[in-house]
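I have placed the structure first, in the form of structure tokens, so that the comments after it can refer back to it.
The values are calculated or read from the model by the stated rules, or taken from the named source; none is laboratory data. Quick caveat: nothing in here was measured; it's all calculated off a predicted structure. Virtual Cβ from ideal backbone geometry, glycine too; neighbours counted across all protein chains shown. What goes into the accessible areas is simple: the full protein's heavy atoms, side chains included, and nothing from ligands, DNA or RNA. Shrake-Rupley method; radii C 1.70, N 1.55, O 1.52, S 1.80 Å.
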Amino acid sequence: MVGFKNILISFFLSEFGRSMYLVSVTWALYQLTNEALYTGVLVGLGFLPGLVLNLFFGVIVDRFNRKKLSVLANLVCTFSMLVLLFFFTIDRINPWLIIVIHMLLQVSGSLFRPAIQAFIAESFEKEHLPKIFSQSSSAAIIGGLVGASVGGLIISFISVSSSMAIVTGSFAIASISLFLVKSKVKEKKGVGKRNSIVKDMADGFIYIKNNKLLLGLFIIMLNGQLVFHTSLGFLSVYTVEYLLQSAAVYGLMDATISLGGVVAGSLGTWWWRKSKNKIALYSLFIVLIGLLFVGIAPILPIALSGIFLIGLGTTWIRVLLQSVQQIATDSEYHGRMASYRMIGNQGSVVISAPLIGWIATNFGANYIYLILMIPISLCILYAIFHANQEQFMKITNKAA
């Protein structure tokens, strides 16, 4: 498809902005409050609106132009960052303003992800999707790696306001880049003749209920996303309290988890061919080892190794199993399935983040990662059975 480079640019800049934002805002929040509990509230409440809105976003994505929805989501991010930048600049920032803006950013992400995934899925042949999702994921993760590294340096040597200004610009350029993509898919007609939104939502849930493969994928990806978002959200607390390091090291830690994602994205096709129907099982083992390293050793090289493995394993879970999901899903349900998957992903974070913040406050930041070993261990047991499903084996045994 002509314009795929623009999509890659948009992925890169969007994730560059999100990573730099997260590095800056979690550090600023912890410095402002000196409480890990606020970090838990930030991570948890950030996904709360998406639990409801994702029900509607899935139907909206399946009804309307997916490229336009992707652009709109990025424009909301740009506006949100302008507001946050303004209050940082006039030095009127407070914890709850940060949390509210964070919720708005996460809502826009809840629209962007299913919209862009459905846009890609409708524009390419199914057999090319694993490679395409890996390439776009690599662009996003490289953007995240650069954003985390630059963000850590900027907040160490300049200011959080400067970081926010760069983030605002990156979202704006990402929106323009995506807007310039010429879609080959015709505008959807006859929206007024469709079923009601409630009926479409119900049809989506019936579709999931009748598809055991999708249910299994959602369970596994839920755990991968839980580990990924919790690890990112609490890295600032972990760096300060457990490793006793500075903002520069925090930026390095954030960059390292992104580096694991870059390697995973680059080797995604190879990992698909190598693991076949054991993709989820092997990736979960890698995540488990990473969590163990981070949880038991307050030694920087070991912690960096563990964070790298977390980035590697969770990215393979997210990217490759999303490819399996798109291949296994009928085209008219792409938006709803992506959004419903995100309901589970975000719901797990909303429920667990405040509890994990309390655990970090009372027992230590390293216990965050040790606690996460429990759901991953249970998920490994489930993945053993899920790997032998006929449809899953049929899809994953094909060369990517």
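Taking the listed residues Gly265, Gly260, Gly313, the one that is open to solvent by less than 60 Å² (accessible area, probe 1.4 Å) and within 22 Å of Trp27 (Cβ to Cβ) is Gly260, with no other qualifying.
Taking first residues from the stretch 345-368 that are farther than 26 Å from Ser110 by Cβ and partners that are open to solvent by 20 Å² or more (accessible area, probe 1.4 Å) and at pLDDT below 80, the Cβ contacts under 8 Å between residues at least 6 apart in sequence or on separate chains come to Thr361/Glu35; Thr361/Leu37.
Collect the residues in the stretch 353-400 that are assigned to a helix (DSSP H, G or I), closer than 24 Å to Leu320 by Cβ and among the polar types (S, T, N, Q), keeping them in residue-number order. Ser377, Gln391, Thr396 - these are the residues of the stretch 353-400 that are assigned to a helix (DSSP H, G or I), closer than 24 Å to Leu320 by Cβ and among the polar types (S, T, N, Q).
For every residue, the table says whether it meets (1) of a type outside the set (Ser, Thr, Tyr); (2) more than 18 Å from the chain's Cα centre (by Cα); (3) open to solvent by 70 Å² or more (accessible area, probe 1.4 Å); (4) modelled with pLDDT under 80.
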position	(1), (2), (3), (4)
Gly3	yes, yes, no, yes
Ile9	yes, no, yes, no
Ala28	yes, yes, no, no
Val43	yes, no, no, yes
Gly50	yes, no, no, yes
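So, in the stretch 349-366, of the ones that are out of contact with any Ser or Thr (no Cβ under 9 Å at 6 or more places or on another chain) and among the polar types (S, T, N, Q), which residue ends up most open to solvent (accessible area, probe 1.4 Å)? Per the criteria, the residue is Asn362. Ile307 falls short of the stated requirement of being open to solvent by 10 Å² or more (accessible area, probe 1.4 Å), at pLDDT 80 or above, assigned to a helix (DSSP H, G or I) and more than 28 Å from Lys67 (Cα to Cα). Taking first residues from the stretch 297-320 that are closer than 12 Å to Gly260 by Cβ and of a type in the set (A, V, I, L, M, F, W, C) and partners that are in a helix (DSSP H, G or I) and open to solvent by 40 Å² or more (accessible area, probe 1.4 Å), the Cβ contacts under 7 Å between residues at least 6 apart in sequence or on separate chains come to Phe308/Leu259; Leu309/Ile289; Leu309/Phe293; Leu312/Val263. Taking Ile166 as the residue in question, decide whether it is modelled with pLDDT of 70 or more, open to solvent by 10 Å² or more (accessible area, probe 1.4 Å) and within 16 Å of Asn74 (Cα to Cα). It is true that Ile166 is modelled with pLDDT of 70 or more, open to solvent by 10 Å² or more (accessible area, probe 1.4 Å) and within 16 Å of Asn74 (Cα to Cα).
Find the residue count for the stretch 321-340, including only residues that are within 22 Å of Gly144 (Cα to Cα) and either out of contact with any helix residue (DSSP H, G or I) (no Cβ under 7 Å at 6 or more places or on another chain) or modelled with pLDDT under 85 (or both). Steps first, answer last, please.
Residues of the stretch 321-340 within 22 Å of Gly144 (Cα to Cα): 321-323, 338.
Okay, now just the ones that are also either out of contact with any helix residue (DSSP H, G or I) (no Cβ under 7 Å at 6 or more places or on another chain) or modelled with pLDDT under 85 (or both), so 322-323, 338.
Of the residues in the stretch 321-340, 3 are within 22 Å of Gly144 (Cα to Cα) and either out of contact with any helix residue (DSSP H, G or I) (no Cβ under 7 Å at 6 or more places or on another chain) or modelled with pLDDT under 85 (or both).
Could you tell me which residue of the stretch 367-400 is nearest to Ile220 (Cα to Cα), considering only residues that are open to solvent by 20 Å² or more (accessible area, probe 1.4 Å) and of a type in the set (S, T, N, Q)? For the stretch 367-400, the residue satisfying everything is Ser377. May I ask you to verify whether Leu244 is open to solvent by 20 Å² or more (accessible area, probe 1.4 Å), over 23 Å from Arg18 (Cβ atoms) and not in a helix (DSSP H, G or I)? When the stated conditions are applied, Leu244 passes them. So for the stretch 246-268 (the condition being within 30 Å of Cys379 (Cβ to Cβ), at pLDDT below 80 and of a type in the set (Asp, Glu)), does at least one residue qualify? Yes, because at least one residue in the stretch 246-268 is within 30 Å of Cys379 (Cβ to Cβ), at pLDDT below 80 and of a type in the set (Asp, Glu).
The residues listed here are Met253, Met337; of these, the one that is part of a helix (DSSP H, G or I) and within 30 Å of Phe56 (Cβ to Cβ) is Met337.
Here Ile219 does not qualify as at negative phi, open to solvent by less than 20 Å² (accessible area, probe 1.4 Å) and among the hydrophobic types (A, V, I, L, M, F, W, C).
Among the conditions (1) in contact (Cβ under 8 Å) with a residue 24 or more places away in the chain; (2) crowded, with 24+ Cβ neighbours inside 10 Å; (3) under 25 Å from Leu32 (Cα atoms), the only one that Ala280 does not satisfy is (3).
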